[in-house]
Amino acid sequence: MTVDSGFSFRKIAVAAYGPTALASIGYGAVIPLVALSAIDRGANPGTAALITGLLGIGQLLADLPAGWVAERLGEKWSIILACLIDVAMLSSVAFTHSLLHLAVATFVTGITGAIFGLARQTYLTVAVPLQYRARALSSLGGVFRIGGLIGPLIGAAVVAGFGLSKAYLFAAGMSLLAAVVTLALPDLPSETHGPNAPQSDSMFAVLRSSLGILLTQGVGALIIMLVRSARQAIIPLWCDAHGIDPAATSLIYSISMAFDVALFFFGGSLMDKFGRLWVAFPAMVVMGIGMALLPLTHQVSTIIAVACLLGLGNGISSGVVMTLGSDASPAVGRTKFLAGWRLLADSGNALGPLAIAAVTTFATLGVASVVLGALAWGGAAWLLRFIPRRVAS
């Protein structure tokens, strides 16, 4: 894939996506094991859930500081730093039996995830021409999904063959390989960083100047992420409520993920050719329909059908949140703007399961699903109002 400017997608493809694939396989291998590791270290189920939640808390708290780090170190070296810290944290878990150490390592891994994600998005925003941006970022989201699908399978094999602690060594090895591959990543133009780079305003000033975008398109991104994360939580809960065993539940979720993974490049192509709205709006409509239909399913076959519909909506919208943020980001202060954008998106990601918990406190899981469907349709209307029909070149 090339453009008139001489840009070659092939020259950066392996270095741009390789680290994401490697790191996400490593994360996928251990994230499902954090709660089990906590229980193995003497935690009760509540404490184990809290320690697992530290990953998301660390990411949320680090979203804004990640912008500061990426602006000073540059995207390439920020990714390398994040990977090397992960190597230290993950490998240390394998050699200790301390619950506190596990909690600290999980929290720090959330922080490095924020730095890694921001730096990767910023790099592709700058390095890839606008006409290929959506495909580049949807592919980034797709690679992360593939890693999240493969990682748990490898993690299960490692645990079965070598024990729980060795899965963390495997993840550390993946992060180390990701750091090595990132060394091959071409540097961005020299004026982007360094003493001659244009200096942006403070984080607060950059976000204040972009407040209009953050309160319109940014809120839309938050709703997208909220519905996505709620979908991840509600399918297993609905299966459990209908007496479906964990193995079958995992299979249903994997089938849904297959639809999710299969459509990411198609969605990116649609966005590049017709505009971001052509993916964002229908994806939210489809996911709203899936959420509204879920309470009507009571057999494995119908639950699978709705899970696939939700996977379809989620998969086609792969990368849309990152693409919208990249489109809206200013040339000066880009990393700080994207840090604020990712904070909104990650807040939505955290709010999804909380929304389910809040509704089910007063009503049933079926009612929670319908409420989320209505929220998805409201998000579709919001996006229809605020997403630009065309991307400014």
Would you mind telling me which residue in 33, 237, 293 has the biggest mean-square fluctuation in a Gaussian network model of the chain, where springs connect alpha carbons within a distance under 10 angstrom? 237
Carbon and sulfur atoms: what percent of the 1.4 Å accessible area of the chain do they account for? 72 percent
Once phi for every residue in region 60-77 is put through the Karplus expression 6.51 cos²θ - 1.76 cosθ + 1.60 (θ = phi - 60°), the whole-Hz ³J(HN,Hα) values, with Gly and Pro written as x, are 4, 5, 9, 4, 6, x, 4, x, 5, 5, 5, 5, 8, 8, x, 5, 4, 6
Charges on Cβ only, +1 for Lys and Arg, -1 for Asp and Glu, centred on the Cα centroid of the chain; of 121, 105, 90, which one is farthest towards the dipole's positive end? 121
If we count every other residue with Cβ under 10 angstrom of residue 60's Cβ, Lys/Arg +1 and Asp/Glu -1, where does the sum land? -1
Efficiency of FRET from Cβ geometry, residue 237 and residue 166, R₀ 35 Å, rounded to 0.05: 0.70
Counted charge near residue 312, where neighbours are those whose Cβ lies closer than 14 Å (Asp, Glu -1; Lys, Arg +1): +2
For region 297-314, Karplus-derived ³J(HN,Hα) couplings (6.51, -1.76, 1.60; θ = phi - 60°; whole Hz; x for glycine and proline) come out as 9, 9, 10, 4, 5, 6, 5, 4, 4, 5, 4, 5, 4, 5, x, 4, x, 6
Which of the three applies to region 239-304, rounded, prolate or oblate, going by the alpha-carbon gyration tensor with a ≥ b ≥ c and a/c under 1.5 meaning rounded? oblate
Can you grab the distance from the C-alpha centre of region 53-89 to the C-alpha centre of region 278-307, Å, no decimals? 35 Å
Phi angles of region 149-155, converted by Karplus (6.51 cos²θ - 1.76 cosθ + 1.60, θ = phi - 60°) into ³J(HN,Hα) in whole Hz with x for Gly and Pro, give 7, 7, x, x, 5, 5, x
Report the full-extension gain for the segment residue 14 to residue 50: residue separation times 0.36 nm, less the Cα-Cα distance, to one decimal in nm. 9.3 nm
Mean projection of the alpha-carbon convex hull of region 275-369 over all orientations, in nm²? 7.0 nm²
Would you mind calculating the gained length between residue 211 and residue 331 on full extension (0.36 nm times residue separation, minus the Cα-Cα distance), in nm to one decimal? 41.6 nm
Once the Cβ-Cβ distance between residue 39 and residue 266 is put in as r, and R0 is 41 Å, what FRET efficiency do you end up with, to the nearest 0.05? 0.50
Return the single residue from 136, 350, 248 with maximal mean-square fluctuation; model: Gaussian network over the chain, springs between Cα atoms under 10 Å. 248
At R0 = 30 Å, FRET efficiency that the Cβ-Cβ distance of residue 150 and residue 72 yields, to 0.05: 0.35
Compactness summary of region 51-90: radius of gyration and Dmax from Cα atoms, Å, are 11.1, 31
Compute the accessible area per residue over the chain, keeping the other protein chains in place, probe 1.4 Å, unit Å². 43 Å²
How large is the dipole of the chain about the Cα centre if only Lys and Arg carry +1 and Asp and Glu carry -1, each at its Cβ, rounded to the nearest 20 debye? 580 debye
Compare 240, 245, 327 by solvent-accessible area with a 1.4 Å probe and give them largest first, with all protein chains kept in place. 240, 245, 327
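Across the chain, how large is the tail of the calculated P(r) beyond 30 Å, expressed as a percent of all Cα pairs?
On the way: 29825 of 77028 pairs.
Pairs farther apart than 30 Å: 39 percent.
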Rounded to the nearest Å, the spacing of the alpha-carbon centers of region 137-185 and region 363-387 is 33 Å
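The values are calculated or read from the model by the stated rules, or taken from the named source; none is laboratory data. Because the structure is a prediction, the values reported are computed rather than measured. Neighbour counts run over all protein chains shown; Cβ positions are idealised from the backbone, glycine included. Just so you know, the surface numbers come from the protein's heavy atoms only, side chains and all, with ligands and any DNA or RNA stripped out. Shrake-Rupley method; radii C 1.70, N 1.55, O 1.52, S 1.80 Å.
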